[in-house]
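Note sheet for the following structure.
The values are calculated or read from the model by the stated rules, or taken from the named source; none is laboratory data. Computed from a predicted model, the values in this text were never measured in an experiment. Reconstructed Cβ throughout: ideal geometry from the backbone, glycine too, with neighbour counts over all protein chains shown.
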Amino acid sequence: MTEHRRRIDQIIEPDFVVGLEELSLDDLRDRRRMCDDVENELSYYRRMLHGRMDLLGFELRRRSGEETRSLIEALPEILTDGASGYVPSGRPTKVTLPDLPDQRRRHIDEVLEADFLTRIALVEDDELNEIQRSLVETETEISTKRHAVQEAFNTIQAELTRRYKDGLANFDEILGRSD
């Protein structure tokens, strides 16, 4: 793998999970950690996108007459809707801000930086619909990448589990103990 490539590009490359049985435990753990970090980053982006989509969806419903409350009145409900804590992957959700890479501008950065929320009352319906389309499209891309990262994580985790089950690795190494 080339070091200058983005982590997500490395992870979604099919070769990332090929030959895992030949890697050292440290290399496997490094790959698993990379997957975990990138998955946390992608989850953060998804939460940010979903928040914007929820706010925008409410505004579009308000404008169509389906909603009578103002955006400010509904804000607490909008921001807490869907915050169940349920995680389909079974892995706990991290609630800390991930270390986001400081790189060139990415599409997600541009989408999240858009200032439509500060001027939502002034934005025409057509522009709001276009923004909503862009948010949904970006969320779909992020979700697809996140799913690929989760699959890589699970594949790496399965190899680590296999090694421990087969006695090829010592569980005490995880805890930093030696006999």
Would you check if Glu21 is within 17 Å of Ser143 (Cβ to Cβ) and assigned to a helix (DSSP H, G or I)?
no
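Sort out which residues of segment 118-167 are within 25 Å of the chain's Cα centre (by Cα), of a type in the set (Asp, Glu) and closer than 30 Å to Arg63 by Cα, and write them in order of number.
Step one: filter segment 118-167 for residues within 25 Å of the chain's Cα centre (by Cα), giving 118, 128-161.
So of that shortlist, the ones also of a type in the set (Asp, Glu) come out as 130, 137, 139, 141, 151, 159.
Passing the criteria: Glu130, Glu137, Glu139, Glu141.
With the requirement that a residue be of a type outside the set (Lys, Arg), at pLDDT 75 or above and exposed (fewer than 14 other Cβ atoms within 10 Å of the Cβ), what does segment 86-128 give you?
Of all residues in segment 86-128, those of a type outside the set (Lys, Arg) come to 86-90, 92-93, 95-103, 107-118, 120-128.
Those left that are additionally at pLDDT 75 or above: 108, 111-112, 115-118, 120-128.
Of everything in segment 86-128, those that are of a type outside the set (Lys, Arg), at pLDDT 75 or above and exposed (fewer than 14 other Cβ atoms within 10 Å of the Cβ) turn out to be Asp115, Thr118, Ala121, Leu122, Glu124, Asp125, Asp126, Glu127.
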Inter-residue pairs, beta-carbon under 9 Å, first farther than 14 Å from Arg52 by Cβ and in segment 138-150, second basic (Lys, Arg) and surrounded by fewer than 16 Cβ atoms within 10 Å (Cβ to Cβ), 6+ apart
Gln150/Arg91
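Can you confirm whether Asp36 is surrounded by 13 or more Cβ atoms within 10 Å (Cβ to Cβ), among the acidic types (Asp, Glu), assigned to a helix (DSSP H, G or I) and touching a Phe, Trp or Tyr at 6+ places or on another chain (Cβ under 9 Å)?
Working: surrounded by 13 or more Cβ atoms within 10 Å (Cβ to Cβ): yes; among the acidic types (Asp, Glu): yes; assigned to a helix (DSSP H, G or I): yes; touching a Phe, Trp or Tyr at 6+ places or on another chain (Cβ under 9 Å): yes.
Taking the combined requirement at face value, the residue satisfies it.
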Could you tell me how many of the residues in segment 56-78 are among the hydrophobic types (A, V, I, L, M, F, W, C) and surrounded by fewer than 19 Cβ atoms within 10 Å (Cβ to Cβ)?
5
Flagged pairs (Cβ under 9 angstrom, 6 or more apart or on separate chains; first in segment 34-54, more than 16 Å from Ile11 (Cβ to Cβ); second acidic (Asp, Glu)) are Arg46/Glu139; Leu49/Glu139; His50/Glu139; Met53/Glu139; Asp54/Asp81
Members of segment 55-81 that are in contact with a helix residue (DSSP H, G or I) (Cβ under 6 Å, 6 or more places away or on another chain) and not in a helix (DSSP H, G or I):
Glu67
